[in-house]
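Student: After the structure tokens below, expect a handful of questions from me.
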Amino acid sequence: MALTQSKKAPMHFKTMVQSDVPRGRKGKHNSIVTIILKDLDKLEAGAAIKVPLAELAESKEKVRSALNRAVHKAGRKVATAADTSFLYVWNVGE
């Protein structure tokens, strides 16, 4: 009867304790979305914020998508519109 040795193949990646793994996702749009949401909290009824498209690091579509994910996660109702220069965002009343 032959002896079997349990040889483990070397790991390809480093390991870490699972409790140290970050739980949240802060994508590259997090800062602009956070700023927009904070401004929306201060916004008066009937007003909209104007975000200059030239100041966005990403396309308006990507920022809009990130904002949409954040709004749905927070259970808020927000509307958006855009033209060639600005992204407009406002709170939607019940």
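Student: Beyond 16 Å, what share of the Cα-Cα pairs of region 48-94 remains, rounded to the nearest whole percent?
Tutor: In whole percent, the long-distance tail amounts to 36.
Student: Given springs between every Cα pair under 10 Å in a Gaussian network model of the chain, which of SER19, SER59, SER31 has the largest fluctuation?
Tutor: SER19
Student: Fully extended, how many nm does the chain gain between ARG69 and PHE13 (0.36 nm per residue separation, minus their Cα-Cα distance)?
Tutor: Numbers: separation 56, 0.36 × 56 = 20.16 nm, distance 3.14 nm.
Additional length available on full extension: 17.0 nm.
Student: To continue, here is another question. Report relative contact order for region 48-94 in percent, whole number only (criteria: Cα-Cα under 8 Å, sequence separation at least 6).
Tutor: Computed value for region 48-94: 49 percent relative contact order.
Student: Among THR80, THR34, which comes first, then next, by fewest other beta-carbon atoms within 10 Å?
Tutor: Lowest count first: THR34, THR80.
Student: Once the Cα atoms of helix 60-74 and of the chain are each reduced to a long axis, what angle between those two axes, in degrees from 0 to 90 to the nearest 10, is obtained?
Tutor: 80
Student: Continuing with this model, one more query. Which entries in LYS8/LYS62; LYS14/LYS38; LYS28/LYS50; LYS26/LYS77 show an alpha-carbon gap greater than 32 Å?
Tutor: The answer is LYS8/LYS62; LYS14/LYS38.
Student: Taking the Cα of LEU37, stepping 7 Å toward and past its beta carbon, and measuring to each backbone N in region 77-94: which are under 13 Å?
Tutor: Hits in region 77-94 for LEU37 at 13 Å: 77-78.
Student: Follow-up. Measure nothing fancy, just the Cα-based angle from helix 30-42's long axis to the longest principal axis of the chain, in degrees from 0 to 90, nearest 10.
Tutor: 40
A short reminder: the numbers here are calculations on the coordinates, not readings from a lab. Small disclaimer: the values here were computed from a predicted structure and weren't measured. Note that each Cβ is placed from the backbone with ideal geometry, even for glycine, and that neighbours are counted across all protein chains shown.
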